[in-house]
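A quick write-up on the structure given underneath.
The values are calculated or read from the model by the stated rules, or taken from the named source; none is laboratory data. Fair warning: this is a prediction, and the values are worked out from it, not measured in the lab. FYI the Cβ positions are ideal-geometry reconstructions off the backbone, even for glycines, and counts take in every protein chain you see.
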Amino acid sequence: MAENRVGEKYKSPVKLVVLTAILTLLSGGVGAYFLGYLGPGKQAKGVKIAFKAGHPSENQKIHKSSQEKERKVLYWRAPMNPTEIYQKPGKSAMGMDLVPVYEGESPEDPSAIRIDPVTQQNMGIRTAKVKKGPLVRTLRTYGHITLDETLTAQVSPKTNGWIEKLYVDFKGKYVPKGAPLFDLYSPELVAAQEEYLVAFQRSLGGKSMLDSSRRRLQYFDVPESEIQKLEKTGKVSKTMMIRSPLNGFVIEKHAEEGEFIRSGVSVFRIADLSRVWVEVHIYEYELSWVAQGQRAEMTLSYLPGEVFSGKVSYVYPYLQPKTRDLVIRLVFENPDLKLKPDMYADVKIETDAKGEGLIIPSEAVIRSGKKNVVFVTRGEGKFTPRRVKLGLSLDDGYVEVSAGLKAGETIVTSGQFLLDSESNLNEAVQKMLDAKVMKDLKKKEEDFFEDMEED
């Protein structure tokens with residue numbers, strides 16, 4: 001009896017421990033079941049929902065992965081080379097995992113691209129509206145002052161002789177009209193005077209002989225006053241005084257006192273500088289803007305701030321063979337003689353407006369030599385390249401667009417070269433895809449006919 005009591009005494013604690021362990025396991029299992037750790041159904045789903053709500057970044061990843069599964073993969077490309085494309089997932093030529101390109105990421109227009117706002121800001125993209133405006137251009141060019149060729153004269157005797165006395169002994173001297181230049185001794189002039197004097201005094205041969213002798217003196221440019229003096233005094237002058245034909249400055253001198261000169265040789269060249277010409281140079285494409293009578297303004301480096309006004313007097317009908325530009329002649333009055341021949345000047349020609357037209361900033365145009373392209377915004381970060389036909393170059397950096405755009409459209413004025421690179425890349429990838437699809441279709445067609453031949 002004593003032994004049985006001792007055994008029961010030891011068995012009771014063992015049963016208690018076992019019972020406690022079973023109850024603990026049961027309570028844990030029930031709790032786990034209700035919390036969703038065990039069994040399928042709403043509990044597991046509830047746990048996932050709670051997990052998503054507690055971790056938004058993971059929620060985005062799960063949502064994105066589900067969307068990617070729903071979208072169709074167009075092709076696979078290498079991450080480091082977008083032109084390296086495949087039809088199946090795998091490794092690129094560099095051993096990197098291929099990146100899928102889904103439907104919707106490739107635009108309908110292969111050359112169109114989509115840029116998110118942050119990237120646009122980083123690229124420095126700026127836009128402007130296509131607008132209507134006046135077609136005005138002010139030509140700015142350079143020129144040099146020259147003599148007015150209609151106000152110059154050559155002094156050249158019509159007979160051989162010697163310069164007895166020289167009144168103008170240096171270049172640059174101002175001589176008024178009629179001022180003496182030099183005294184010329186010529187045996188032919190002396191003989192002509194004597195012939196006329198004899199005919200005048202004796203009237204031999206009648207009036208016809210007198211008129212003939214008088215006309216000979218006139219042909220030698222003997223002034224009327226000298227002829228009258230000869231008639232009045234009856235004395236032949238040894239020398240004849242040569243006078244200035246106009247008011248002006250001596251710009252050329254080819255004579256010394258006592259020098260023998262031949263008939264027809266230029267002794268002096270005299271120029272009136274009260275009016276000057278300015279020859280300016282323009283390019284061929286600017287010729288359509290220039291016309292006679294247009295107003296011009298000129299400034300000189302040695303007179304800062306002073307503006308001289310003139311007008312276009314002549315457009316030369318030929319180009320300069322070396323510089324390949326066109327010369328325009330301007331006329332400027334020069335009463336104060338501030339305009340000196342051979343000075344360089346900055347010239348502005350105010351051209352006439354050619355109506356209105358569509359104008360855009362010139363910087364928006366990508367000129368490749370064969371075509372002119374601008375990028376048009378389509379909203380939501382989309383950009384499309386478009387060919388345009390350009391017209392006249394205008395003031396303030398604008399250019400006329402004669403075809404390809406409409407008023408009110410928005411175009412890219414800065415960052416368009418980066419857009420052009422991306423657009424060309426997209427277009428190249430699309431062409432490669434099209435070529436690969438055609439190749440696969442052709443291969444399938446060949447395999448189909450080979451199978452028919454085997455059957």
Worksheet item: If PRO335 passes every condition in (1) assigned to a loop (DSSP other than H, G, I, E, B); (2) more than 27 Å from the chain's Cα centre (by Cα); (3) surrounded by 11 or more Cβ atoms within 10 Å (Cβ to Cβ) but one, which one does it miss?
Response: (3)
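Residue under question is VAL280, and the condition is that it be in the same structural domain as TYR344 (by TED's automatic domain parsing) and buried (at least 17 other Cβ atoms within 10 Å of the Cβ); does it hold?
Considered against the rule, which asks whether it is in the same structural domain as TYR344 (by TED's automatic domain parsing) and buried (at least 17 other Cβ atoms within 10 Å of the Cβ), VAL280 comes out as yes.
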Practice prompt. Taking only the stretch 170-198 into account, find how many residues are within 53 Å of the chain's Cα centre (by Cα) and either surrounded by fewer than 14 Cβ atoms within 10 Å (Cβ to Cβ) or among the charged types (D, E, K, R) (or both).
Written response: 6
Worksheet item: Are any residues in the stretch 338-390 part of a strand (DSSP E or B) and free of Cβ contacts under 8 Å to residues at least 60 places away in the same chain, and if so, which ones?
Response: ILE366, ARG367, ASN372, VAL373, VAL374, PHE375, VAL376, GLY379, ARG386, ARG387, LYS389, LEU390
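When you look at SER237, is it in contact (Cβ under 8 Å) with a residue 60 or more places away in the chain, small (Gly, Ala, Ser) and on the phi < 0 side of the Ramachandran plot, yes or no?
no
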Discussion item. Yes or no: the stretch 201-209 includes at least one residue that is touching a residue at least 12 places away in the same chain (Cβ under 8 Å) and buried (at least 17 other Cβ atoms within 10 Å of the Cβ).
Written reply: no
Discussion item. All but one of (1) surrounded by fewer than 13 Cβ atoms within 10 Å (Cβ to Cβ); (2) in contact (Cβ under 8 Å) with a residue 40 or more places away in the chain; (3) more than 30 Å from LYS253 (Cβ to Cβ) hold for LEU326; state the number of the condition that does not hold.
Written reply: (1)
Item to complete: Mind checking which strands (runs of 3 or more DSSP E) fall wholly inside the stretch 92-138 and carry at least 2 residues that are under 21 Å from the mean Cα position of the chain (by Cα) and at pLDDT 85 or above?
Response: 126-129, 131-134
Item to complete: State the number of residues belonging to the stretch 132-168 that are without any contact (Cβ under 8 Å) to a residue 24 or more places away in the chain and surrounded by fewer than 13 Cβ atoms within 10 Å (Cβ to Cβ).
Response: 1
Worksheet item: Hey, any hits in the stretch 305-316 for a residue that's out of contact with any Pro (no Cβ under 8 Å at 6 or more places or on another chain) and part of a loop (DSSP other than H, G, I, E, B)?
Response: no
